[in-house]
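Participant: Have a look at this one.
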Amino acid sequence: MDMSSQDFSRPLSPLGGEDGFASPDDALALQRAAPPRPAVDNALRPLGRVMDVAGGGSSIALDLRRLEECMADTDPSVAISGQVGSQIKIRVGRSWLLASVRTQRHAQQADGQGGVIAQVDFLGEGDEERLTGNITGFRRGVTRYPIPGSPIYPATSLDLRQIYASDGRPNVRIGTVHPTRDIAAGLYVDPFLGKHFALLGSTGTGKSTAAALILHRICNAAPESHVVMVDPHGEYLSAFRDIGNLIDVTNLQMPYWLMNFEEHCEVFLTVQGPERTIDASILARCLLMARQKSRLAESLGKITIDSPVPYMLSDLVTILQNEMGKLDKGTNSIPYQRIRTKIDEVKSDPRYQFMFSGLLVGDTMAEFIGRIFRLPAHGKPISIIDVSGVPSEITSTVVAVLSRLVFDYAIWSRDEQTRPILLVCEEAHRYVPNERNADGSSVGRILGRIAKEGRKYGVSLGLITQRPSDLAEGVLSQVGTIIAMRLNNERDQAFVKAAMPEGARGFIDSIPALRNREGIICGEGVAIPIRVTFDDLELRLRPASADPLFSELWTQRGGEEQSVQRTVQRWRMQSRLGS
């Protein structure tokens, strides 16, 4: 059948006949009298009709026999046409409207015959290729809507190849479009990064490997990238050993004086309530005096309490001692003692040496920023910052300082050539929790600000988490691209569904049924929502996040003594980098 010459002046039955539906009251009836046709015609024969139309979707009636015929088709896209999560196309004049099937239900008729009623979401539209009848020139959005009675056809693999083909913008391949095996699924790099992204999925679904795959593909395509990844478990050290700047507590060397006043309070203040207000006032006064003693401060002239100017902890302790001895200090000596005791504790604790060492007093700010942000990249465009060895009580503060430095650098470098920076946070729900779990820490505020304002300054945010329902809703709403892998928790599923655009609901309903290494992608980074099977990643490029195989590992023996010795050595050194 030549679709370009077919007469569409009269409404067609779902089988391609001319009788149409019997009546409005019997509009769900589907013709089943026509003999089956060869499978080769499946793509050219209607599956059913449009029943009613709304702004974002439609109800359609599908012929059960036609669905069964399509299931035997050799084209995998045609074979699943009409099923939940599949794509169908609707003729609108000489154009095609693409839609995704969201739900199905059985419709029983008085004569005992049955059909299928489905809800579909409109995805976009394209022109009809005159010779083949396929979709060409596809674009997101709808300008012309179908009318009730319009015929519905399967979307073929050739259609999908046109729809998912690159429109010329820079992109990276990450997998194949489900259910095909040869149609590449890609991400448009600029909108994907420019408007932030979130990667969501339960533990064991391949989330970490998918994250490593995406970052590897981006870094390979752009070797002068500037990527900073906060890794709370040290999973990604092995994945980026060849192209990454690997950092943990042994070589982080983050100067304490880079902290702003709020971050100083998180480290040095130990009380809450009214007493914390008193302590904060004392610390603010003494901290500013300590910063002003710096030679750099003298050359700069006026500085503030948040100015990243080096100062010596011993100077801060001396100033506290002097202020405590004044008769007009307005309070007793206990607040001064509390702050001084905490500073002495931090200085003497070897766990804090990566940040509070006396060797970090020098003005190394430019060197630190260049090393962490990869400016220049020197062939290693990504920094993997393993914070698993950071004391738990200041982990959030360390992440806050790194995140704020990214944002502040972007703000103060606007007069220079823009150097966009991607900040990726694994276990993001730890740092930007929802209101129920919020602890008022500075890291949540700075990441929230990056989510809202970062794109203006060339700062991209990537959030990775297995518990999206524990993530701050306001932050997720700022994310332009969402990659959702299988989520087992109903609360997580509902949260992600609420964050997805209306047109992606049919895809989102399939989240609980996704296999490992599969994901739903929707938003700015793709032309339309797609279900993707991620590419295989070489073993040496995968993160160390695979689940142990008890049945295999508990049958092996040998080398345990040496393994224990090496583990103890790393434990004492608080570093995995030498392993």
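Participant: When the dipole is taken about the Cα centre of the chain, and only Lys, Arg (+1) and Asp, Glu (-1) are charged at their Cβ, what size is it in debye, to the nearest 20?
Facilitator: Details: 65 positive and 68 negative charges, 195 e Å.
Dipole of the chain, to the nearest 20 debye: 940 debye.
Participant: Counting only heavy atoms of the protein chains, get the accessible area per residue of the chain (1.4 Å probe) and round it to a whole Å² value.
Facilitator: On a per-residue basis, the chain sits at 46 Å².
Participant: OK, next. At a temperature of 10 °C and a viscosity of 1.306 mPa s, determine how fast the range 185-308 diffuses translationally according to Stokes-Einstein, using the Kirkwood radius over alpha-carbon pairs as Rh; express D in µm²/s, rounded to the nearest whole number. List each step's numbers first, then the result.
Facilitator: Working: Rh = 18.8 Å.
The estimated diffusion coefficient comes to 85 µm²/s.
Participant: Where the only charges are on Cβ atoms (+1 Lys, Arg; -1 Asp, Glu), what is the dipole of the range 353-481 about its Cα centre, to the nearest 20 debye? Write out the running numbers ahead of the final one.
Facilitator: Values: 14 positive and 14 negative charges, 71 e Å.
Its charge dipole is roughly 340 debye.
Participant: Filter the GluC sites (Glu not before Pro) in the range 417-504 to those in DSSP coil with at most 10 other Cβ atoms within 10 Å of their Cβ, and list the result.
Facilitator: Qualifying residues, ordered by number: E435.
Participant: With all protein chains present, how much of the accessible area of the chain (probe radius 1.4 Å) comes from carbon and sulfur, to the nearest whole percent? Intermediate results must be reported in sequence, preceding the final value.
Facilitator: On the way: 13730 of 26710 Å².
Roughly 51 percent of what the probe reaches on the chain is carbon or sulfur.
Participant: When Lys and Arg each count +1 and Asp and Glu each count -1, what net charge do the other residues less than 11 Å away from E518, Cβ to Cβ, add up to? Write out the running numbers ahead of the final one.
Facilitator: Numbers: positive: R486, R515, R517, R531; negative: none.
My count for the surroundings of E518 gives +4.
Participant: Beyond 12 Å, what share of the Cα-Cα pairs of the range 422-462 remains, rounded to the nearest whole percent? Please list the in-between numbers first.
Facilitator: Details: 480 of 820 pairs.
The calculated P(r) of the range 422-462 puts 59 percent of pairs beyond 12 Å.
Participant: A follow-up question, please. Could you pull out every whole DSSP H run in the chain that spans at least 24 Å of Cα extent along its own axis and averages 0.5 or higher on the Kyte-Doolittle scale?
Facilitator: Values: long enough: 274-292 (28 Å, 0.16); 392-412 (30 Å, 1.06).
Those that clear 24 Å and a mean of 0.5 are 392-412.
Participant: With an 8 Å Cα cut-off and a minimum separation of 6 or more residues, compute the relative contact order for the range 300-433 in percent. All intermediate terms of the calculation are to be shown ahead of the outcome.
Facilitator: Working: 45 pairs, mean separation 22.7, N = 134.
17 percent.
Participant: If I take every Cα pair under 8 Å that is 6 or more residues apart in the chain, average their sequence separation and divide by the length, what percent do I get for the relative contact order? Could the numbers behind the result be given before it?
Facilitator: Values: 1101 pairs, mean separation 102.8, N = 579.
Worked out over the chain, it gives 18 percent.
Participant: Restricting to DSSP loop positions (anything but H, G, I, E, B) with no more than 12 other Cβ atoms inside 10 Å of their own Cβ, which trypsin sites (Lys or Arg not before Pro) remain in the range 275-363? Provide the component values of the computation, followed by the final result.
Facilitator: Working: sites: R276, R285, R291, K293, R295, K302, K326, K329, R338, R340, K342, K347, R351; in loops: K293, K302, K326, K329.
Sparse-neighbourhood loop trypsin sites (Lys or Arg not before Pro): K302, K326.
Participant: Tell me the volume per residue, in Å³, of the convex hull enclosing the alpha carbons of the range 365-481.
Facilitator: Working: hull volume 14.2 nm³, N = 117.
Once divided by residue count, the hull of the range 365-481 is 121 Å³.
Participant: Give me D for the chain in µm² s⁻¹, whole number, from Stokes-Einstein with Rh from the Kirkwood sum over alpha-carbon pairs, 20 °C and 1.002 mPa s.
Facilitator: Translational diffusion coefficient: 79 µm²/s.
Participant: Each label point is 7 Å from the Cα along the Cα-to-Cβ direction; what then is the distance between the points at D344 and Q417, in nm?
Facilitator: 5.3 nm
Participant: Taking each pair of distinct Cα atoms in the range 195-262 once, what is the resulting Kirkwood hydrodynamic radius in Å? List each step's numbers first, then the result.
Facilitator: Details: mean 1/r = 0.0698 Å⁻¹.
Result for the range 195-262 stands at 14.3 Å.
Participant: Can you work out the Karplus-derived ³J(HN,Hα) for every residue in the range 168-174? Use 6.51 cos²θ - 1.76 cosθ + 1.60 with θ = phi - 60°, whole Hz, and x for glycine or proline.
Facilitator: x, 6, x, 8, 10, 7, 10
Participant: Pairs K293/K452; K207/K452; K195/K302; K302/K452; K195/K347: which exceed 32 Å Cα-Cα?
Facilitator: On the way: K293/K452 36 Å; K207/K452 25 Å; K195/K302 36 Å; K302/K452 30 Å; K195/K347 41 Å.
Pairs exceeding 32 Å: K293/K452; K195/K302; K195/K347.
Participant: For the charge dipole of the chain, defined by +1 on Lys and Arg C-beta atoms and -1 on Asp and Glu C-beta atoms about the Cα centroid, which residue among I382, V50, M500 has the Cα displaced farthest towards the positive pole?
Facilitator: Of the candidates, I382 comes out farthest on the positive side.
Participant: Another one. DSSP loop chymotrypsin sites (Phe, Trp or Tyr not before Pro) in the range 529-562 with at most 14 other Cβ atoms within 10 Å of their Cβ, which ones? Please list the in-between numbers first.
Facilitator: Numbers: sites: F534, F550, W554; in loops: W554.
Of the chymotrypsin sites (Phe, Trp or Tyr not before Pro), the ones in loops of the range 529-562 whose Cβ has at most 14 other Cβ atoms within 10 Å are W554.
Participant: For every helix of n ≥ 4 consecutive DSSP H residues, a contribution of -39,500 (n - 2.57) applies; sum these over the chain, divide by its total residues, and give [θ] at 222 nm rounded to the nearest 500 deg cm²/dmol.
Facilitator: Values: 19 runs with 187 residues, N = 579.
Computed ellipticity for the chain at 222 nm equals -9500 deg cm²/dmol.
Participant: Sort out for me the Cα centre separation of the range 439-460 from the range 206-274, rounded to whole Å.
Facilitator: With the range 439-460 and the range 206-274 each reduced to a Cα centre, they are spaced 15 Å.
The values are calculated or read from the model by the stated rules, or taken from the named source; none is laboratory data. Note that this is a predicted model, so its numbers are computed, not measured. Cβ coordinates were reconstructed from backbone atoms using ideal geometry, including for glycine residues, and neighbour counts include every protein chain displayed. Side chains are part of the model used for accessible areas, which takes the heavy atoms of the whole protein and leaves out ligands, DNA and RNA. Shrake-Rupley method; radii C 1.70, N 1.55, O 1.52, S 1.80 Å.
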